Amino acid sequence: MTPVQEIHVAVGVVFRDGKVLIARRPDHVHQGGLLEFPGGKVEAGETVQQALVREIREETGLRIDPGLLEPVIEIRHDYGDKRVFLDVWEASSAEGDPEGLEGQAIQWLDVQDLADVDFPAANRPIIRALKLPRRYAITGSAGDPSAFPEQLRQRLLETRPQLCLFRAPGLSDEVYERLAGWSLEACRASDSLLMLHGVPSLLERLPQAAGLHLPWREARQYSARPIPEGYLLAISCHDEEEIAHAEQLQADFITLGPVKPTSSHPGATGIGWERFQALAAGAAMPVYALGGLVPDDTRAARQAGAQGIAGIGFWWSGNGY
């Protein structure tokens, strides 16, 4: 049997005034009728940036400065009849007024209006990446539960994280749920989304949460997505096997690390950026780099294929972003 060749596709996420440029695929082509981000096949001898500039110009007439392109995510997807490698880059500006030069309808849409069902299956991770922030803030230990609410309130006021994980290990189930309920109210007041940490049944008792983060010891017990669509599902991963399992569970994003040594795991060495990049390249969902990171590491994380950074110290210590 002849192996299916992988097609390298440059994908452009072009922003203007907070909206992203979207096209509709012609009915007669593969996945016809669905929405898509502009882009096309990388030709021999082209860099992905060169291909993206050319494709966007040919499809829409927009002119993109290749030097301003920033990586978003890399996705490999097998449709059965074809395999694609989507190399996704973001352009924060473009010159000109877009037109559907290949007969396709085009429009500017708010990121929050992008829906999975309107796009090819391979585009789901792109949509997740665009909706997720660059930093995933994780709460530290709640050694004194009575002091935790005030500490969280201060951290939320000072740093305003868009997405926060209430982890707080060592609490009883009763205390965790009580503090989680308070945390949901505090996050809502600061326009932050709160993820719960632990078992799927937490969402039944606290349905107003944004989603659930499964530690690996919990995630490995499941063979299918354990929470409903509409909630975010995150999973802690450390190697290829765990990443593959997270993909099987249809995780919306994962954390991966530790990249650097951390105080929470004294004596343990980090995997480093080279290993992180290799692992992230094989993940079919956004990946947050985790472990000993500070805000200045965000750019290095992005260059290594990460959505951004996750952690405790860069916000919970009071030093801020």
Legend entry - the range 115-227 - Debye-derived log10 I(q)/I(0), Cα point model, q = 0.11, 0.22 Å⁻¹: -0.40, -1.30
Inset, instruction - Calculate how many DSSP beta bridges within the range 67-212 are antiparallel, expressed in % of all such bridges and rounded to the nearest 5. - result: 50 percent
Legend entry - the chain - share of DSSP beta bridges that are antiparallel (%, nearest 5): 40 percent
Inset, instruction - Using the heavy atoms of the protein chains and a 1.4 angstrom probe, tell me the accessible area per residue for the range 142-258 in square angstrom. - result: 46 Å²
Legend entry - Within the chain, helix-based [θ] at 222 nm, where runs of 4 or more DSSP H residues each add -39,500 (n - 2.57), nearest 500: -7500 deg cm²/dmol
Legend entry - Cα-Cα pairs of the range 1-111 separated by more than 23 Å (percent): 26 percent
Inset, instruction - Across the chain, how many lysine pairs, 8 or more positions apart or on different chains, have C-alpha atoms separated by under 26 Å? Please give the number. - result: 4
Inset, instruction - Work out, in µm²/s and without decimals, the Stokes-Einstein translational diffusion coefficient of the range 39-94 at 10 °C, 1.306 mPa s, Rh from Kirkwood over C-alpha pairs. - result: 131 µm²/s
Legend entry - 10 Å beta-carbon shell around Gly61, net charge (K/R +1, D/E -1): -3
Legend entry - With DNA, RNA and ligands ignored, accessible area of Ser92 (1.4 Å probe; Å², nearest 10): 80 Å²
Legend entry - Size of charge dipole - the range 200-321 - debye, nearest 20, with Cβ of Lys, Arg +1 and Asp, Glu -1, no other charges: 220 debye
Inset, instruction - Might you report the magnitude of the Cβ-based charge dipole of the range 65-154 about its Cα centre, with Lys and Arg at +1 and Asp and Glu at -1, to the nearest 20 debye? - result: 580 debye
Legend entry - Length-normalised contact order of the range 186-226 in % [C-alpha pairs under 8 Å, at least 6 apart]: 35 percent
Legend entry - Two-site label geometry, Arg299 and Ser146: point separation in nm, points 7 Å out along Cα→Cβ: 4.6 nm
Inset, instruction - Mean Kyte-Doolittle of at least -0.5 plus a Cα span of 20 Å or more along the axis: flag which DSSP H helices in the chain meet both, please. - result: 173-189
Inset, instruction - May I ask which residue of Ala94, Gly33, Leu184 lies farthest towards the positive end of the charge dipole of the chain, with charges of +1 (Lys, Arg) and -1 (Asp, Glu) on Cβ and the Cα centre as origin? - result: Leu184
Inset, instruction - Note down the accessible area of Thr159, probe 1.4 Å, to the nearest 10 Å². - result: 10 Å²
Inset, instruction - Pop the C-beta distance of Arg225 and Arg83 into the FRET formula with R0 = 22 Å and round what comes out to the nearest 0.05. - result: 0.40
Inset, instruction - Might you tell me the accessible area per residue for the range 13-79, computed with a 1.4 Å probe and given in Å²? - result: 49 Å²
Inset, instruction - For the chain, calculate the relative contact order in percent as a whole number, restricting contacts to Cα pairs under 8 Å that are 6 or more residues apart. - result: 15 percent
Legend entry - Within-13-Å neighbourhood charge of Ala51 [Cβ basis; K, R +1; D, E -1]: -3
Legend entry - Charged-residue dipole, Cβ positions (Lys, Arg, Asp, Glu), the chain about Cα centre, Debye nearest 20: 680 debye
Inset, instruction - Pairs of Cα atoms under 8 Å, at least six residues apart: use those to get the relative contact order of the range 191-317, whole percent. - result: 17 percent
Inset, instruction - Express the carbon and sulfur contribution to the solvent-accessible surface of the chain as a percent, rounded to the nearest whole number, probe 1.4 angstrom. - result: 49 percent
Inset, instruction - Kindly state, to the nearest 0.05, the FRET efficiency for Gln208 paired with Leu101, given R0 = 56 Å and r defined as their beta-carbon distance. - result: 0.80
Inset, instruction - Under 14 Å from the Cβ of Arg83, count the other residues' Cβ atoms, weight Lys and Arg +1, Asp and Glu -1, and hand me the total. - result: -2
Legend entry - Centre separation in Å (Cα based) which lies between the range 188-243 and the range 79-105: 31 Å
Legend entry - Accessible-area value, Ser317, 1.4 Å probe, nucleic acids and ligands omitted, Å²: 70 Å²
Inset, instruction - Jot down the per residue volume, in cubic angstrom and as a whole number, of the convex hull over the alpha-carbon atoms of the chain. - result: 152 Å³
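The values are calculated or read from the model by the stated rules, or taken from the named source; none is laboratory data. Bear in mind the structure is a predicted one, so any value in this text is a computation, not a measurement. Note that each Cβ is placed from the backbone with ideal geometry, even for glycine, and that neighbours are counted across all protein chains shown. We work out accessible area using only protein heavy atoms, side chains counted, and drop any ligands, DNA or RNA first. Shrake-Rupley method; radii C 1.70, N 1.55, O 1.52, S 1.80 Å.
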